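The values are calculated or read from the model by the stated rules, or taken from the named source; none is laboratory data. Quick caveat: nothing in here was measured; it's all calculated off a predicted structure. So basically every Cβ, Gly included, is an ideal-geometry build from the backbone, and we count neighbours across all protein chains shown. Accessible surface is based on the protein model in full, side chains and every heavy atom, while ligands, DNA and RNA are left aside. Shrake-Rupley method; radii C 1.70, N 1.55, O 1.52, S 1.80 Å.
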Amino acid sequence: MRKINLTNVKESGDFPKLTAGGYVCRYTNVVDKADKEYLQMEFDIAEGEFKDHYKQLNEKFNFWGGKTIRSYKETALPMFKRMCTAVTKSNPGYLFDGNTNADEKTLVGKLVGLVLAEEEYMSNSGEKKTRLYVHCEKPVDDIRSGNYKVPDKKELQSKPSG
């Protein structure tokens, strides 16, 4: 190992863990994947104890964890409309409806309420882990007033043996 000087290096502390719940968020990047008919969306926490959580995570670990997609395929339009309505209600004077305003780049910087829920997954090493995912979008006033429900954790189904 090369010699290093740790004299002026600050020891890292614990990184606060985001938990399932409702958060007022801001879209930080939106990319249209037209060939697959979905928006690839990045977000960060905009208010409260975890404000700028994903920005700080990215600065420390070069990883942006606040990501979701919203499909606009015919079968997914009800969920896409829920997102559009939540963003529109969260940003007075702004309209995003995929028609009158279909420019996904205008979503960057807009507030939205996100309900984050937990799901189990199998890591590449075969270990069962838990991660957060965007369960649904809500108007920010619903998040601020506690008018949302966090679903139970999605648990991995064990495969029957035999």
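Here are some notes:
- Residues in the range 20-55 that are touching a residue at least 24 places away in the same chain (Cβ under 8 Å) and over 19 Å from Leu107 (Cβ atoms): Ala20, Gly21, Gly22, Gly48, Glu49, Phe50, His53.
- Any hit, the range 72-80, residues being without any contact (Cβ under 8 Å) to a residue 40 or more places away in the chain, touching a strand residue (DSSP E or B) at 6+ places or on another chain (Cβ under 6 Å) and either more than 18 Å from Glu37 (Cα to Cα) or hydrophobic (A, V, I, L, M, F, W, C) (or both): yes
- Within the range 101-129, residues that are among the aromatic types (Phe, Trp, Tyr) sit with their Cβ atoms under 7 Å from residues that are in a strand (DSSP E or B), at 6+ positions apart or across chains, in these pairs: Tyr121/Lys129; Tyr121/Arg131.
- Search result, residues across the range 56-71 that are without any contact (Cβ under 8 Å) to a residue 40 or more places away in the chain and either on the phi > 0 side of the Ramachandran plot or among the β-branched types (Val, Ile, Thr) (or both): Asn62, Ile69
- Looking only at residues of the range 58-90 that are among the charged types (D, E, K, R) and open to solvent by 70 Å² or more (accessible area, probe 1.4 Å), we find that the one that is farthest from Tyr23 (Cα to Cα) is Glu74.
- Members of the range 140-160 found to be in a loop (DSSP other than H, G, I, E, B), farther than 22 Å from Glu120 by Cα and not polar (S, T, N, Q), listed by number: Gly146
- Residue in the range 91-147 that is most open to solvent (accessible area, probe 1.4 Å), counting only those that are within 16 Å of the chain's Cα centre (by Cα) and of a type in the set (Ser, Thr, Tyr): Thr130
- Condition check for Asp152: open to solvent by 40 Å² or more (accessible area, probe 1.4 Å), of a type in the set (D, E, K, R), within 15 Å of the chain's Cα centre (by Cα) and modelled with pLDDT of 95 or more: no
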